[in-house]
Amino acid sequence: MKKVVIFWLILALFGASQLVLAQAKATPDAESEIRSLLSVQVSAWNRGDLKGYMQGYWHSEELTFFAGDAESAGWEAAYQRYRTSYQAKDKEMGHLTFSNLRVQMLSADAAFVRGGWQLTMRDHSRRAGLFTIILQRMPEGWRIIHDHSS
C-alpha cells in the first residue's frame, strides 16, 4: 500500500512540474503574440477597418462581450454592436490607443489581459475606460473569447 501511495505522489508531482514548465515555456512567446494581436487590432481600428479589428475575436456564437450594462453573445452580435456605435450615420470610430496592458498567462493556451482604452475623436473629445479580456490559443492563433469593457 505504501508503494502505491508513493507512486501516485511521484506521478502527481511530475505532472504538476510538467504543467509549470509548459506554462513557463509558453509565456514569453505567447505574451508577445498576444501583444501583437492587440497591436494589429488597434491598427485596423485606426484605419476604419472594423472587420479587421474583429479578426482578433473568436468567430463563434460562444464569444461573450460585456459593455456597460449590456451583455451580448456571439461574434456577429459584437460586430453589429460596434457598427451601430461607431460606423452608423453621424458616428465615428476615432483614434484608438491601449495603455497599461498586463498579460497574465493562465495556461499555455489561455491568457487574461487587463488594460485601458482611449478613443480620441475628430473634435479632440475623448472616451476612455478599462477592459479585461480572456484569450485562447486557437489553431488560427490567439483569439479573444471574452471581452469586458467599461
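Here are some notes:
- In the stretch 56-73, the qualifying residues are those that are hydrophobic (A, V, I, L, M, F, W, C), in contact (Cβ under 8 Å) with a residue 12 or more places away in the chain and in a strand (DSSP E or B), and the one that is surrounded by the most Cβ atoms within 10 Å (Cβ to Cβ) is Phe65.
- Close pairs from the stretch 33-50: first in contact (Cβ under 8 Å) with a residue 60 or more places away in the chain, partner in a helix (DSSP H, G or I), Cβ under 8 Å, at least 6 apart: none
- Residues located in the stretch 74-102, provided they are assigned to a helix (DSSP H, G or I) and either small (Gly, Ala, Ser) or without any contact (Cβ under 8 Å) to a residue 24 or more places away in the chain (or both): Trp75, Glu76, Ala77, Ala78, Gln80, Arg81, Thr84, Ser85
- The residues of the stretch 44-58 that are within 18 Å of Glu33 (Cβ to Cβ) and not hydrophobic (A, V, I, L, M, F, W, C), listed by number, are Gly52, Tyr53, Gln55, Gly56, Tyr57.
- Selection of the stretch 90-132 for residues being under 16 Å from the mean Cα position of the chain (by Cα) and of a type in the set (Asp, Glu) yields only Asp109.
- Among the conditions (1) at pLDDT below 95; (2) surrounded by fewer than 11 Cβ atoms within 10 Å (Cβ to Cβ), Ser99 misses just one, which is (1).
- One residue stands out among those in the stretch 116-141 that are in contact (Cβ under 8 Å) with a residue 40 or more places away in the chain and touching a strand residue (DSSP E or B) at 6+ places or on another chain (Cβ under 7 Å): the one that is surrounded by the most Cβ atoms within 10 Å (Cβ to Cβ), which is Leu135.
The values are calculated or read from the model by the stated rules, or taken from the named source; none is laboratory data. On a predicted model such as this, the values are computed, not experimentally measured, just so you know. Using ideal geometry, Cβ is built from the backbone for each residue, glycine included, and neighbour counts are taken over all protein chains shown.
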